[in-house]
Amino acid sequence: MTAAADAPATDCRSCGRTDTGHVRSRNEDALLVRDDLGLWAVADGLGGHAAGDYASQMIVERLGRLQRPARIEDFVEAIEDTLEAVNAELRRTARARGVDLIGSTVAVLVQHHDYMLCGWVGDSRVYCFEDGRLRQATRDHAHGVDNGWQAETGGDARRPPPQPGGGVLTRAVGAEEQLYIDWVVATRRPGVQFLLCSDGVNKEIGDRELEALFRADLTPPELIGRLFDTALARGARDNVTAVVVRLAG
């Protein structure tokens, strides 16, 4: 495979936004939008623990420093190495400060000419909208959260089910000595759209309503605006962060 074949395509449009919401005193979310690298990310610092904002900002800043190598395999390895280094640093910082945990979730989307890659740790999500249907590409690393609940139960399209405490995370960057990152391959076709979001989005907006918004054929900035208008109008109990990526076509 040639270097040119692995270079990120530029035929996409993206938009991202983050908001503290109406309840939290500070924003512990962070985002990365790098069309030039074919790399997008959302990180959600662990609320209730020390320095969640420090953890999420470190993740997106370190990912944003990466250079895109010729081969996609090398780029994915660089992303994993970066997250593993952040994991180790957060654990060292937590020990130095005498706190139990400094951590964050993360979801990343990587563009390639032939496919898209979704990687994640925790319950920040990546959704894929294709052929008029929205599906969750990632699967939450959490107990007490039912992935895809509405498709199975026909729940209220306006809101997800109650999630006291947002479920119990089973993975996070900074939580364990060894970091495990899951990856899935997603389609790359003209017109396909992706949503990366923190759980502040799915706490306020159910999957069916998200799908309806995507079906409205809005531009990424318009879609982001509608998402945030809805989440903020419903109380925005958590920090709200979203990135929309639309492939040209």
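The values are calculated or read from the model by the stated rules, or taken from the named source; none is laboratory data. Worth saying up front: this structure is predicted, and the values here are computed from it rather than measured. Here the Cβ positions follow ideal geometry from the backbone for every residue, glycine too, while neighbour counts run over all protein chains shown. Only protein heavy atoms, including side chains, enter the accessible area calculation; ligands, DNA and RNA are left aside. Shrake-Rupley method; radii C 1.70, N 1.55, O 1.52, S 1.80 Å.
Scoring Ser104 on the criteria (1) open to solvent by 10 Å² or more (accessible area, probe 1.4 Å); (2) over 20 Å from Cys15 (Cβ atoms); (3) not hydrophobic (A, V, I, L, M, F, W, C) leaves a single failure, condition (1). Can you find a residue that is open to solvent by less than 60 Å² (accessible area, probe 1.4 Å) and in a loop (DSSP other than H, G, I, E, B) anywhere in the range 48-63? Looking through the range 48-63, at least one residue is open to solvent by less than 60 Å² (accessible area, probe 1.4 Å) and in a loop (DSSP other than H, G, I, E, B). Check the range 233-242 and report whether any residue there is touching a strand residue (DSSP E or B) at 6+ places or on another chain (Cβ under 7 Å) and either open to solvent by 10 Å² or more (accessible area, probe 1.4 Å) or without any contact (Cβ under 8 Å) to a residue 60 or more places away in the chain (or both). No, the conditions are met nowhere in the range 233-242. A Cβ distance below 9 Å, combined with a sequence gap of six or more or placement on separate chains, defines the contacts here; from the range 189-200, residues that are within 12 Å of Ala30 (Cα to Cα) and without any contact (Cβ under 8 Å) to a residue 24 or more places away in the chain reach no residue that is charged (D, E, K, R) and part of a helix (DSSP H, G or I).
Within the range 215-232, which residues are open to solvent by less than 10 Å² (accessible area, probe 1.4 Å), within 26 Å of His141 (Cα to Cα) and out of contact with any helix residue (DSSP H, G or I) (no Cβ under 7 Å at 6 or more places or on another chain)? So that I can check it myself, show each step before the final result.
The first filter runs over the range 215-232 and keeps only residues open to solvent by less than 10 Å² (accessible area, probe 1.4 Å), leaving 220, 223-224, 227-228, 231.
Those still in the list that are within 26 Å of His141 (Cα to Cα) too: 224, 227-228, 231.
Passing the criteria: Ile224, Phe228.
All of Asp81, Asp100, Asp123, Asp114 fail the test of being of a type in the set (Asp, Glu) and under 14 Å from the mean Cα position of the chain (by Cα), apart from Asp123. Taking (1) open to solvent by 10 Å² or more (accessible area, probe 1.4 Å); (2) of a type in the set (D, E, K, R); (3) modelled with pLDDT of 95 or more in turn, Asp29 satisfies each apart from (1).
From Ala70, Ala94, which residue is part of a loop (DSSP other than H, G, I, E, B), more than 19 Å from Arg125 (Cβ to Cβ) and either at pLDDT 95 or above or not basic (Lys, Arg) (or both)?
Details: Ala94 fails: part of a loop (DSSP other than H, G, I, E, B).
Of Ala70, Ala94, the one residue that is part of a loop (DSSP other than H, G, I, E, B), more than 19 Å from Arg125 (Cβ to Cβ) and either at pLDDT 95 or above or not basic (Lys, Arg) (or both) is Ala70.
One line per residue, one yes/no per condition, for (1) at pLDDT below 95; (2) more than 30 Å from Met58 (Cβ to Cβ); (3) touching a strand residue (DSSP E or B) at 6+ places or on another chain (Cβ under 9 Å); (4) surrounded by fewer than 19 Cβ atoms within 10 Å (Cβ to Cβ):
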residue: Tyr127; (1), (2), (3), (4): no, no, yes, no
residue: Arg133; (1), (2), (3), (4): no, yes, no, yes
residue: Trp149; (1), (2), (3), (4): yes, yes, no, yes
residue: Val173; (1), (2), (3), (4): no, no, yes, no
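Summed over the range 176-212, residues that are part of a helix (DSSP H, G or I) and either open to solvent by 10 Å² or more (accessible area, probe 1.4 Å) or in contact with an Asp or Glu (Cβ under 6 Å, 6 or more places away or on another chain) (or both) total 7.
Every listed requirement among (1) within 19 Å of the chain's Cα centre (by Cα); (2) touching a residue at least 24 places away in the same chain (Cβ under 8 Å) is met by Arg91 save one, (1).
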